[in-house]
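The values are calculated or read from the model by the stated rules, or taken from the named source; none is laboratory data. It should be emphasised that the depicted structure is a prediction, and the values quoted were computed from it without experimental measurement. Here the Cβ is made from the backbone with ideal geometry for all residues, glycine too, and neighbour counts use every protein chain on show.
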Ligand SMILES: [Mg+2]
């Protein structure tokens, strides 16, 4: 594996550009911020380390991590998303220097404190502005996610993601692809599936049973779209609608004719919108997402997640709704994820 070497000049507080008190922005209070909690295996590529843990056990894993402490981890699947979030924050700080309505990123890891040092080194090396660390020592992250008023939790462990969703926290599983996607550097792009992601899967059942289309409950990611919308409004208020650094997409396999009206009316009834809405009428999502180049795409069906990932999109799985009861076409990875005791 080609691990980048730590540049000594950029380690810890030798890095004047982010360590100087005048340049380093103060993190917002959790109740004001849009908080993104990300696990270490979501943020960084730790496949090699995970393999050592699974095959050789905890002690070998820890000695390996300590031995490689000064070697930063390479970017993982959530890395481009977190970088883009920081770009949005920089724009918000320019427009609203005193506002705490910003993204805040928390590193939520079950790893041992020894690994924490390598994580801090990696964060500094990649010049990420992550101030909050939560090392749960293997315990469930749910209590911490709640304490931080988490608006989105990204993890490589589908068991923990499932637990978060059951507690009403927007969450998704991300998968290591071994390649860095090509994504825009100045605009955060987030794409959502409709059913069982933005909308509850109940909506489909209610619709089928009663033919109602005036009441659709929200899905697990609705609140995150809402949070993005809140930040978008701050740019619109300053006349920057056309130059907004956040862009959202609804990408659904449904057809516009059968369910487009219902989807769009539902979003409107919530006071929400996506910048673009794509009704693919059964066409594969991967090629469309390849054109959009989102930093992250959320879907409840592994079939769509895998199809998008094959064409280079960072696709995250939302383990929610009726689709989870149907085995995915190639669901082997998620099953393995669910069974293995995960470090993240
Ligand atoms: Mg769906």
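Below is a table of values for the structure above.
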read-out: Yes/no for residue 129 being in a helix (DSSP H, G or I) and either under 25 Å from residue 60 (Cβ atoms) or in contact with a helix residue (DSSP H, G or I) (Cβ under 9 Å, 6 or more places away or on another chain) (or both); value: no
read-out: Any hit, the range 253-276, residues being under 26 Å from residue 184 (Cα atoms), within 14 Å of the ligand (Cβ to nearest atom), outside the structural domain of residue 85 (by TED's automatic domain parsing) and at pLDDT 95 or above; value: no
read-out: Residue check, residue 310 at pLDDT 75 or above, surrounded by fewer than 17 Cβ atoms within 10 Å (Cβ to Cβ), farther than 23 Å from residue 169 by Cβ and away from the ligand (no atom under 11 Å from the Cβ); value: yes
read-out: Sole exception among (1) touching a helix residue (DSSP H, G or I) at 6+ places or on another chain (Cβ under 8 Å); (2) modelled with pLDDT under 95 for residue 27, by number; value: (1)
read-out: Within the range 62-79, considering residues that are touching a residue at least 60 places away in the same chain (Cβ under 8 Å) and surrounded by fewer than 22 Cβ atoms within 10 Å (Cβ to Cβ), the one nearest to residue 230 (Cα to Cα); value: 75
read-out: Flag if residue 119 is in contact with a helix residue (DSSP H, G or I) (Cβ under 7 Å, 6 or more places away or on another chain), outside any helix (DSSP H, G or I) and outside the structural domain of residue 227 (by TED's automatic domain parsing); value: no
read-out: Elements of type helices (runs of 4 or more DSSP H) contained in the range 20-109, each with 2 or more residues being over 18 Å from residue 151 (Cα atoms); value: 47-56, 58-67, 79-95
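Listed here are the residues, each with its yes/no results for (1) touching a strand residue (DSSP E or B) at 6+ places or on another chain (Cβ under 9 Å); (2) surrounded by 20 or more Cβ atoms within 10 Å (Cβ to Cβ).
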site	(1), (2)
58	no, no
106	yes, yes
134	yes, no
160	yes, yes
163	yes, no
